[in-house]
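Asks: Okay, handing you the structure first.
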Amino acid sequence: MVAEIGPSNIEAAFLLEALKKGTRVDGRGIYDYRTLKISCGPTYGLAEVQLGQTRVLARVSCEVTRPFPDRPTEGIILFNTEFSSMAGFGLDSNRSSTQEVAISRMVERVIKQSRAIDAEALCILAGEKVWTVRIDVHFLDHGGNLIDAASIAAIAALRHFRRPDVTIDGEEAIIHDVRERNPVPLSIHHTPICVTFGFFGAAGDMLVLDPTLLEEQVQVSSFTITLNSHREICALNKAGGIPLSPDQIQRCTQVALAKVDEVNEKIQLAIKASS
């Protein structure tokens with residue numbers, strides 16, 4: 001991967017001075033998201049998210065496969081990410097940096113380990129046939145905060161996706177063509193949404209929501225909290241060496257709870273608009 005060129009000393013000093021006064025370079029408040037646009041379709045399981053200058057595309061597909069021997073009654077969920085070399089300077093689609101791997105693993109952990117998808121509902125014939133659901137996330141433009149944009153795109157695509165209907169006749173499974181019978185949605189337990197904060201200053205005493213690429217290059221640490229609409233914490237992730245106090249974590253949680261409700265509402269509107 002090509003070495004990334006960071007901001008100049010003047011840019012970093014200007015950004016920090018603005019934060020000390022409670023303002024940001026792009027004019028947002030410290031707890032404001034950039035403009036969020038979500039679009040679904042035209043095919044099932046396709047969702048594009050634009051968060052400021054960050055743009056992510058998620059596509060969900062499925063196929064019938066054999067289950068894992070140790071989990072004969074559970075479907076398989078696969079996750080794949082791809083960084084376009086044109087998404088930003090320093091990105092190489094042929095090699096993955098440490099940051100890219102961390103982002104991919106974080107989003108995968110949010111979807112799979114939080115058990116957002118009912119894996120048992122993907123079983124067709126126990127030990128013989130299950131649905132394998134594949135989630136492909138493509139990072140098209142890198143303007144900062146890829147984790148939040150990717151999690152929103154993945155969840156929106158999963159909720160928008162429809163798989164072919166199945167009829168079980170004894171030991172045989174009949175997969176119906178979508179032109180013959182209406183496809184059915186996935187069984188989704190909850191919708192985990194990532195909310196990321198950036199911390200600045202030697203002591204990490206200044207924080208912002210939804211950091212831009214410039215802010216990510218200056219921040220001393222980041223903190224991502226994943227919540228669902230049931231106000232449950234699904235995952236926590238901290239990157240950087242600055243420790244966070246309980247008060248800071250509590251403040252981030254309260255802000256994230258409000259933002260998750262707003263994002264969920266936009267996902268629902270996008271899905272409704274595509275139908």
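Asks: Quick one: which residues, 5+ away or cross-chain, put their amide H under 5 Å from the amide H of SER84? H built at 1.01 Å from N.
Replies: PHE139
Asks: Now for a different question. What is the dipole size for the chain, taken about its Cα centre, with +1 at each Lys and Arg Cβ and -1 at each Asp and Glu Cβ, in debye to the nearest 20?
Replies: Taking the Cα centre of the chain as origin, the dipole is about 400 debye.
Asks: Using only Cα atoms, locate the centre of the range 176-219 and the centre of the range 108-150, then give the distance between them in Å, rounded to an integer.
Replies: 14 Å
Asks: Another question, if that's okay. Can you work out the accessible area per residue across the chain, with the rest of the protein chains kept in place, probe 1.4 Å, in square angstrom?
Replies: 50 Å²
Asks: Right, another one. From the protein chains alone at 1.4 Å, what is the descending order of accessible area for ARG34, ARG162, ARG66, largest first?
Replies: Order by accessible area, largest first: ARG66, ARG162, ARG34.
Asks: Ignoring any ligand, DNA or RNA, what whole percent of the accessible area of the range 14-274 comes from carbon and sulfur when the probe is 1.4 angstrom?
Replies: 49 percent
Asks: Using the Kyte-Doolittle scale, find the helices of the chain whose mean hydropathy is at least 0.5 and whose Cα atoms extend 20 Å or more along the helix's long axis, counting only whole DSSP H runs.
Replies: 146-160
Asks: Sequence-distant or interchain residues sharing an amide H contact under 5 Å with ARG163, placed H: which?
Replies: Result for ARG163 returns VAL184, LEU186.
Asks: Amide H to amide H, which residues 5 or more places from VAL25 or on other chains are under 5 Å from it, using H placed in the peptide plane?
Replies: Amide H neighbours of VAL25: none.
Asks: So which GluC sites (Glu not before Pro) in the range 140-211 pass both tests, a DSSP loop state and at most 12 other Cβ atoms within 10 Å of the Cβ?
Replies: Passing sites in the range 140-211 are GLU171, GLU180.
Asks: Go ahead and estimate [θ] at 222 nm for the chain from helices alone: -39,500 (n - 2.57) per DSSP H run with n ≥ 4, summed, over the residue count, rounded to 500.
Replies: Value at 222 nm, helices only, nearest 500: -9000 deg cm²/dmol.
Asks: May I pose another question? Step by step: find N for the chain, compute 2.2 N^0.38 Å, then divide the Cα radius of gyration by it. What's the final number?
Replies: Taking N as the residue count of the chain, the ratio is 1.09.
Asks: To continue, here is another question. If R0 is 41 Å, what FRET efficiency do you get for ARG251 and ASN80 from their C-beta distance, rounded to 0.05?
Replies: With R0 = 41 Å, the Cβ-Cβ based efficiency is 0.75.
Asks: Please state the charge dipole magnitude for the range 224-275, taken about the Cα centre, from unit charges on C-beta atoms (+1 on K and R, -1 on D and E), reported in debye and rounded to the nearest 20.
Replies: The calculation lands at about 80 debye.
Asks: Something else now. If VAL49, VAL218 are ordered by their accessible area, calculated over protein heavy atoms with a 1.4 Å probe, which sequence runs from highest to lowest?
Replies: Order by accessible area, largest first: VAL218, VAL49.
Asks: Full extension from ILE174 to ASP26: what is 0.36 nm times the residue separation minus their Cα-Cα distance, to one decimal in nm?
Replies: Length gained between ILE174 and ASP26: 47.8 nm.
Asks: Between their Cα atoms, which of LYS37/LYS272; LYS37/LYS238; LYS37/LYS259 are more than 19 Å away from each other?
Replies: Long pairs (Cα-Cα over 19 Å): LYS37/LYS238.
The values are calculated or read from the model by the stated rules, or taken from the named source; none is laboratory data. Predicted model only: the values in this text are computed from it and were never measured. Counting neighbours? That spans all protein chains shown, and the Cβs are built from the backbone with ideal geometry, glycine included. These area figures cover heavy atoms from the full protein model, side chains too; ligands, DNA and RNA do not enter into them. Shrake-Rupley method; radii C 1.70, N 1.55, O 1.52, S 1.80 Å.
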